[in-house]
1. Restricting to the stretch 103-149, count the residues that are in contact (Cβ under 8 Å) with a residue 40 or more places away in the chain, farther than 22 Å from residue 40 by Cβ and away from the ligand (no atom under 11 Å from the Cβ).
2. Of the conditions (1) touching a strand residue (DSSP E or B) at 6+ places or on another chain (Cβ under 9 Å); (2) more than 23 Å from residue 57 (Cβ to Cβ), residue 260 fails just one. Which one is it?
3. Can you go through 166, 192, 208, 199 and tell me which one is under 22 Å from residue 265 (Cα atoms) and basic (Lys, Arg)?
4. Output yes when any residue across the stretch 226-243 is modelled with pLDDT of 95 or more, farther than 22 Å from residue 291 by Cα and not in a helix (DSSP H, G or I), and no when none is.
5. I'm told residue 86 meets every condition in (1) hydroxyl-bearing (Ser, Thr, Tyr); (2) more than 15 Å from the ligand (Cβ to nearest atom); (3) touching a strand residue (DSSP E or B) at 6+ places or on another chain (Cβ under 9 Å) except one. Can you identify the failing condition by its number?
6. Name the single residue, out of those in the stretch 17-66 being more than 16 Å from the ligand (Cβ to nearest atom) and closer than 30 Å to residue 108 by Cβ, that is modelled with the lowest pLDDT.
7. Would you confirm, using the coordinates I've provided, whether residue 152 is small (Gly, Ala, Ser), within 14 Å of the ligand (Cβ to nearest atom) and either without any contact (Cβ under 8 Å) to a residue 24 or more places away in the chain or in contact with a Phe, Trp or Tyr (Cβ under 9 Å, 6 or more places away or on another chain) (or both)?
8. Going through the stretch 123-149 one residue at a time, which ones are farther than 20 Å from residue 263 by Cβ and touching a Leu at 6+ places or on another chain (Cβ under 7 Å)?
Amino acid sequence: MWSQKTYHLNTPPFGEGFFIAICWSSWYDGVGDFMKEIFPRYYPKFKCIAGECRHSCCIGWEIDIDADTYELYQSLNSPMGEKIRTHIEGEPPHFVLGEGKRCPFLDEDGLCEIIREHGDGALCDICYLHPRFSNEYDTFTETGLGLCCEEASRIILSEEAPFFIRHPLWMSRKERRFFKVQKAVLKVLQDRKLTFQKRMGVLTEKYRITLSTEEALVAEFLALERLDEAWTEALACQGGVKKELLLEQFGAYLIFRHWAEAWTDEDYAKVVRMVLKSCRLLGRIATDETFLDMARMYSSEVEYSTENLAKLME
Ligand code: SF4
C-alpha cells in the first residue's frame, strides 16, 4: 500500500500531535540545539519547482484528505469549493484522480488550482508537507526531504559535503545511545579514505550481513509491490555508477531517514541491511547521469510502501 505519509513514531500519521513546523526554512543546524525540530544542513534549500517539475507528485498518488481540511472543503462557498467536493470520494476521503492519474486540480502549466484560488492554506496536510517527512523521538523531531521529489533528490544528491545533522544537546539516555550507533554507521559510510565498496564491506562484517549477488538482489526488488512499471524497466538496466559521492549521499540519506525503524527494537542491522542492499542495487542499475532519476524512482517504489520497506529489512 503506497502512501505519501510521513513517519511518526508513537503517533498515527497525521493524527493527534502532528506538528506543524513554523519557520522551517530558518531553523536548522547549530540553531537547532534550542529547538525541538532538527533538519539536515541542506533542508532550507528546498523550494517546489512546480511547473518546471518533470515528475510532479500531483500525478500517480492517491491523496488522503485529513479531517480539518475535509471540513474546510465542505465549507468553501466558491466554484472551486464545488469542484473540490465533486472530486472527493471514499473512506478515508481522497481526491479522485483524472486521466493519466493526474490530480484533478493540476492545471496544464503544472500548477495547483487550489493554491491559485484559495492559497496554500487550503491544501490538505499531505500536499502541504510533501516531500517532507518527520521522525519523532522522545525529545525532538527530525524533519527531512524525501528523495521521491526530483528537486529534493537534486539537492540531496548533489551535496559535496558529507551528510550532517546536529542532534540536540539534551537527549534522553535512549536517544543518546541510539544516535551514537547511527553516528558510527555514518562515519564508516562517509569514510572517503576507503572506496565505497570497502565501506560497505566494513559494515557487512560489523553487522554480520550477507549480501546476495547483484542478480539475486535485482530479483528481490522485482518481487516487491510495484507502483510504476518504469521501475521494472529500470531494474533491468546495467549502469555502473562511477561517482562514489552519489552512493555515499544516497546511503547517508537512507540511514538518516530510516534509522527510526530501529527505534523500537534497537535492531540496527535491519536498517543497515536495507541501506546496503539499496546502495548495491543503485550502484548496479544507475549511471552517474541516471542516478538522480533512479533514486527518485527507488524512493517512490520502496520508501512509500510500508510492505516493500519491511521486506527489504527482513
Ligand atoms: S515532485 Fe517536488 S518539485 Fe515536483 S511538484 Fe512535487 S514537490 Fe514540487
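The values are calculated or read from the model by the stated rules, or taken from the named source; none is laboratory data. Since we're looking at a predicted model, the values are computed, not measured. Note: ideal-geometry Cβ built from the backbone for every residue, glycine included; neighbour counts use all protein chains shown.
1. So the answer is 6.
2. Going through the list (1) touching a strand residue (DSSP E or B) at 6+ places or on another chain (Cβ under 9 Å); (2) more than 23 Å from residue 57 (Cβ to Cβ), residue 260 breaks only (2).
3. Just one listed residue meets the conditions, 208.
4. Among the residues of the stretch 226-243, not one is modelled with pLDDT of 95 or more, farther than 22 Å from residue 291 by Cα and not in a helix (DSSP H, G or I), which makes the answer no.
5. Result: residue 86 passes all but (3).
6. Filtering first and then ranking leaves 64.
7. So residue 152 fits the description; yes.
8. Selection gives 131 alone.
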